[in-house]
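The values are calculated or read from the model by the stated rules, or taken from the named source; none is laboratory data. Model, not experiment: these values are computed from the prediction. Protein only, heavy atoms only, side chains kept; ligands, DNA and RNA dropped before computing areas. Shrake-Rupley method; radii C 1.70, N 1.55, O 1.52, S 1.80 Å.
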Amino acid sequence: MDLSSFESNNSVSCRLASQIPDVCRTEDCCLGIDEAGRGPVLGPMVYGICFCPVSKKEELKNSKVADSKTLTEDERENLFEKLDEAKSYVGWALQILSPNTISTSMLQRTKYNLNALSHDTAIGLVQYALDSGVQLTEVFVDTVGPAEKYEEKLSKLFPGIQVTVRPKADSLFPIVSAASICAKVARDRVVKGWSFAEDLGEVDTDYGSGYPNDPKTKAWLLKYLDPVFGYPQFVRFSWSTAQTLMDSKGVTVHWDDDDEDREKAAQRLNKKSMLSYFGASSGSKAQNPTHETHRFFTERRLKNLNTL
């Protein structure tokens, strides 16, 4: 599993995929869908699909694939290697949704909640398999939201394919278990090898589980909370845990009235204007030429905009 395309820019979403087995282009195939990392406040969410010919279902079952949450990390890695060795008839694809992608989606002006994002990601992966020539006749999905409605939605989008949506599908259908393993292995590797774009020095990697109720995770969030700019992009800042800590520990921001000059308003309140955190662009006549742009903007490749 080559993660380099995501690691080169872990602020965006990225798709990874195996080679498509030739047999999957000629025989009827089943496909399973599952995700890893839906709940954590740290790291990406990874959606995975796994597919194989219907005639190979028994072989897949005999490989002892199981719900990834019931397996140790070593067991998942070993099973993923087995799936990779079976590449003559097993294929997979992953969509890695970065923490930044998740948070900006959920907090944009037109709300795009996690269920909608999950549905669209799963649909995109099924469409990828079809576009790649996989002869899908059966799709099995671990549900997000009400199973019946989700099943109806997918059946309408993919007529001619038998769609089965069930809670705990990763423990019911081996092909979903395989997808679960692929997704979990990818997420574990991404989290373990996360490259921080922010200048945080020697980062403490003892995150805990990454779940909001984990004391180690909460301690890590507090440690790396910038009072002005918030969290590094490893954190899903749309999660209530992160927002609560930001509200209680962050600097209070005064939003000026539209009819009042921002700089004057800041002076009146004896506070810095938000504009003071932006450095002057190279093309402008800066009153203070030694002022440097805050690292928040340089790390995210943000520049001042003078004209539209």
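Averaging the sequence gap over all C-alpha pairs within less than 8 Å and six or more residues apart, then dividing by the number of residues, gives the stretch 1-101 a relative contact order of 45 percent. Each DSSP beta bridge with both residues in the stretch 29-184 is either parallel or antiparallel, and the antiparallel ones are about 60%. Annotation: lysines with alpha-carbon distance below 24 angstrom to K87 (same-chain offsets under eight excluded): K56, K57, K61, K64, K69, K184. Surface composition of the stretch 14-63: carbon and sulfur make up 42 percent of the accessible area, probe 1.4 Å. Cα gyration tensor of the stretch 66-211, axes a ≥ b ≥ c as square roots of the eigenvalues: rounded (a/c below 1.5), prolate (a/b > b/c) or oblate? Oblate, because a/c is 1.5 or more while a/b does not exceed b/c.
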